[in-house]
1. So what is the calculated 222 nm ellipticity per residue for the chain, using -39500 (n - 2.57) for each DSSP H run with n of 4 or more, over all residues, to the nearest 500 deg cm²/dmol?
2. Using only Cα atoms, locate the centre of region 224-245 and the centre of region 348-385, then give the distance between them in Å, rounded to an integer.
3. Given the alpha-carbon gyration tensor of region 373-427, what are the semi-axes of its equivalent ellipsoid in whole angstrom, ordered largest first, with each equal to the square root of 5 times an eigenvalue?
4. How much accessible area per residue does the chain have, in Å², with a 1.4 Å probe?
5. Indicate the gyration tensor shape class of region 38-183 (rounded, prolate or oblate), computed on the Cα atoms with a ≥ b ≥ c the square roots of the eigenvalues: a/c under 1.5 is rounded; otherwise a/b larger than b/c is prolate and the rest oblate.
6. Once the Cβ-Cβ distance between L11 and M222 is put in as r, and R0 is 45 Å, what FRET efficiency do you end up with, to the nearest 0.05?
7. Grab the Cα-Cα distance for A145 and A347, subtract it from 0.36 nm times how many residues apart they are, and report the gain in nm with one decimal.
8. Estimate the FRET efficiency between F394 and R452 by the formula 1/(1 + (r/R0)^6), using the beta-carbon distance for r and 30 Å for R0, to the nearest 0.05.
Amino acid sequence: MGEGSNLLLFLLGFLAARYLGPTDFGIYGAAFAFVGLFRILPDFGMSYASTLAISRDRSKAPGLAANLLGFQAVLSVLTLALCLGIGRARYEGVLWTAVLVLSFDLVLKSVKSTLRWLLKSHERFGAEAVSLLLERGLLFGLGAATLMAGGGVVGFVLVFAAVRAADTTALLVWVHRRVLALRPAFDLPVWGELFRKGLPFAYAGAMITMFFQVDAVMLEKMRGAEEVGWYRAPVLVLEGLTLVPRIFGYALIPTMAALHPRAPEGVTALYRRGVKYLLLAGLPIAAFGLLAAGPFVGLLFGSDYGRSVAAAQILIPAAVLMFLSNFGETTLACIDRWRTIVVVSTACLALNVGLNLLWIPTLGYVGAARATLVTEAAYFAATAIALWAFGHRFSWLAVLARPALATVVFAGALWLSRGLGLIGSSLVAGTAFAAATVVLGVWDPKERELLRGLLRGAAADPSQLV
């Protein structure tokens, strides 16, 4: 439920693109991307590392939580100083105002994230989910109302800061009274230990953040806010699709991590199946992006975003590569290959920045889209090769063949039924694809048995697929 509530934020992003228009949406996108570059600094991965320690030993919670809050208070002040100092030198007008407001929103999000991890460590998953639903419901309702009332970029970002201030304060009080007394502490040796343990998580998070944000910052600097708007509209779709590998990964991580030390062949089996399922999800999306990007962008964002179609035809097909690279990284984490993740993520970020520097000056937002596609392809290839080298091997051609054939059926049905309109042809193509997976024998006996169990109401156990 908590992860699913992200759909409200994605929907709000689509509304923002439609109501603000390409230029103002580009201003918002540039401000959001710039502030996002500093996202890791107020926490530095320490909340995640602390959660692992507290989950194993609840008696550590008071000391770790107190020092975490104290350390984050100092880091938040430094983050604000850095973000606002650089932002003031780079931006002016509405863009500067948006950076100013979103910088404070960033700090509030960091505190909220810490409280969420604390709730996870105490297994208060219901409280966390309710908190997320309330926060994102308010953001969606007030944000949509502000956009429709013509509040513009400034009014829109003020909604984020106001809602997060109220929500984070309320959750802080609730956690203090119901879960754990929260009083900031300033124990430097504990801070050092927190920093050391959080650093690997911070580095991985920083690479992902930079990859998704740095292109918009570079695009605004080289080509202006309007091109950021044309680019960020289809990027919203790609970011929304990240829910697919994230939710899928969350389902398999515990089983794969448990299998690694005692039955590594089980990890290989689940990795192979995971690749198949993500191909089945991603290949039709890629075909849809190539064939129907025009009417899809028009339906979602409006006629002002006609020039976004060129980027959408590149970015939406990139989803299948993003699915596979994300799952490859998750599998590497499950087999404790963090050094490989660091090397691969760093190399791919360097590639992305280099390609953006090469292509944005001449190709603009289309160049940024191409850089994203090539980087996702490189990330997927690097993780797949690494897992092959670590012994997790299978025939990619055998896994790819049937999903690819089913996707050909999907693409043919989508093209032949295009006269029915986007929604009608999508339904026809989706039905044809589902039928093709059955006719082509995509699903093996274990998968069919698991599906029958789910239909009977039995709990799904990924280990059944090993």
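1. Numbers: 17 runs with 390 residues, N = 466.
When only DSSP H runs of four or more count, the value is -29500 deg cm²/dmol.
2. Going from one Cα centre to the other spans 15 Å.
3. The equivalent ellipsoid of region 373-427 has semi-axes of 34, 15, 7 Å.
4. 44 Å²
5. Here region 38-183 falls in the oblate category.
6. 0.90
7. Full-extension gain reported as 68.5 nm.
8. It comes to 0.75.
The values are calculated or read from the model by the stated rules, or taken from the named source; none is laboratory data. All figures in this text were calculated on a predicted structure; none of them were measured in a lab. In this analysis, Cβ positions are derived from the backbone assuming ideal geometry, glycine residues included, and neighbour counts consider all displayed protein chains. Remember, those area values only see protein heavy atoms, side chains included, never the ligands or the DNA or RNA. Shrake-Rupley method; radii C 1.70, N 1.55, O 1.52, S 1.80 Å.
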